[in-house]
Amino acid sequence: MQNDYLRKILNAKVYDVARETELEHAQHLSSRLNNHILLKREDNQPVFSFKLRGAYNKMAHLTKAQLAKGVIAASAGNHAQGVAVGAAKLECTATIVMPITTPKVKIDAVKDRGGKWVKIVLFGESYNDAYDHALQLKSKNQLTFVHPFDDPEVIAGQGTIAMEILRQHQGPIDAIFVAIGGGGLIAGIGSYIKAIRPEIKIIGVQTVDSDAMKRSLAAGKRVELKDVGLFSDGTAVKLVGKETFKICQKVVDEIITVDTDAICAAINDVFTDTRSILEPAGALSIAGLKEYVARNKCTNKTFISIACGANMNFSRLRFVAERADVGQSKEAVFAIAIPEERGSFKRLCSLIGTRNVTEFNYRISDSKKANIFIGISTQQQGDSTIIAKEFIKSGFDTIDLTTDELAKSHLRHMVGGRSTLADNELLYRFEFPERPGALMNFLNAMSPHWNISLFHYRNHGGDYGKILVGMQVPKKNTKELNDFLKGTGYRYWDESQHPAYQLFLK
């Protein structure tokens with residue numbers, strides 16, 4: 001299989017539209033991690049993503065008759081732009097099906113790339129909806145489907161990245177880190193590397209909530225996820241490809257998973273070294289590299305990370321900046337209970353010492369104790385545990401919330417909101433598509449007999465929004481509540497027993 005793909009990669013047609021991207025030394029990251037870190041700058045492609053390579057290679061290998069009939073694709077982002085560029089270059093009509101939730105900036109980008117050769121069809125609320133509709137149109141109109149990852153020519157196009165890496169760096173390479181969504185990128189890179197330099201490790205990186213390939217390799221068969229995380233939207237794939245899975249079984253040495261905070265920290269790392277801003281999926285491999293180095297205590301190794309995309313929504317940057325400090329272990333967050341008596345606050349401050357306080361929230365609510373939400377600057381991973389132990393040793397009840405999603409997304413902006421009127425309150429956290437009418441649909445689905453006693457929403461600049469809702473629901477309505485939760489179609493979490501909610505909001 002590797003020799004077949006080696007031949008395909010060597011004969012790939014990508015450079016009519018793509019360019020050989022830089023392999024850059026990441027000076028600050030290398031110094032901090034005590035290893036030689038190189039970034040393969042696929043974010044510098046004309047469409048700011050590697051996807052151009054595979055899409056064009058597939059289209060360039062079609063017959064004249066196939067091109068004359070046209071192609072079709074389903075995508076909400078980078079793959080769509082690659083197909084659009086290919087269509088304009090080959091003067092071939094392309095129908096691109098995108099979910100109706102796709103931000104206008106991405107739709108406009110596809111139109112700009114493809115011009116008169118591209119027709120955009122908006123259908124469904126998710127990629128899966130768009131994909132299914134694209135297959136129907138393909139059969140109806142006899143179009144050629146350009147798959148975003150599960151196609152030999154697409155895989156071979158992505159594999160040209162590995163060909164460039166070995167040409168650009170003849171020295172030792174210990175491992176190459178690659179983001180995984182459907183698996184096309186790592187399948188192509190892995191096939192070439194293992195055929196030429198089998199001693200180089202190929203390490204995949206996925207988010208903790210979109211790890212379909214990791215689970216599939218562990219199970220020995222493709223595993224479909226019920227839900228996927230949406231922050232790294234470029235890798236949010238529920239089911240990996242048949243062909244990519246088969247290849248990954250042979251060429252992938254290990255898969256690492258990382259969380260949202262680690263990705264935000266990696267975006268910050270790359271910005272420090274390059275002054276470029278990667279999208280979450282684009283920085284995923286760098287986050288995995290950092291996790292690998294920390295876990296294995298590596299020094300003086302040569303690692304290459306694929307910076308695979310930079311199609312970042314500008315409005316998302318505030319969320320990234322807020323969470324990067326936690327991902328870099330530069331901030332710890334705590335809930336601390338202190339006695340409501342003179343000298344308690346001073347004693348707490350003396351424990352904090354010279355550490356910088358990033359946030360402090362307090363509201364008097366009890367005659368005997370005060371619950372304080374506090375953020376403190378830290379220097380390295382593990383500092384939050386040390387600080388928490390210091391507080392507890394001094395007699396202060398402390399909960400370390402540094403890695404807690406509810407605290408970081410919502411509570412830190414809401415502390416102090418108690419009410420004696422909020423009886424029978426249940427607390428739920430939801431994710432829903434950022435589109436007009438989504439919130440109203442949610443509210444309309446609720447029983448008119450229930451009262452909203454708490455509501456918090458922040459626009460994080462992504463395709464999906466996050467809300468926290470307190471609802472006063474009589475116990476006799478339990479079945480009706482469960483039907484409502486399932487009927488929304490949104491991802492949700494019951495946070496009613498969350499300890500921080502009990503302290504600050506209940």
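Coordinate-derived values only; no laboratory data. From a predicted model like this one, the values you see are computed outputs, not experimental measurements. Here the Cβ is made from the backbone with ideal geometry for all residues, glycine too, and neighbour counts use every protein chain on show.
Observations on the structure shown:
- Read-out Cα extents along the principal axes in Å, derived from the coordinates shown; its label in [x] 82, 65, 44; [y] 81, 58, 40; [z] 103, 54, 40: [y]
- Separation between Cα centres of region 216-264 and region 1-79, rounded to whole Å: 19 Å
- Counting only whole DSSP H helices of the chain, the ones at least 20 Å long by C-alpha along their axis and with mean Kyte-Doolittle hydropathy no lower than -0.5 are 152-168, 260-274, 280-296.
- Ranked list, fewest to most other Cβ atoms within 10 Å of each Cβ, for GLU224, GLU291, GLU331, GLU42: GLU224, GLU291, GLU331, GLU42
- Mean residue ellipticity (222 nm) of the chain, computed from DSSP H runs ≥ 4 via -39,500 (n - 2.57), nearest 500: -12500 deg cm²/dmol
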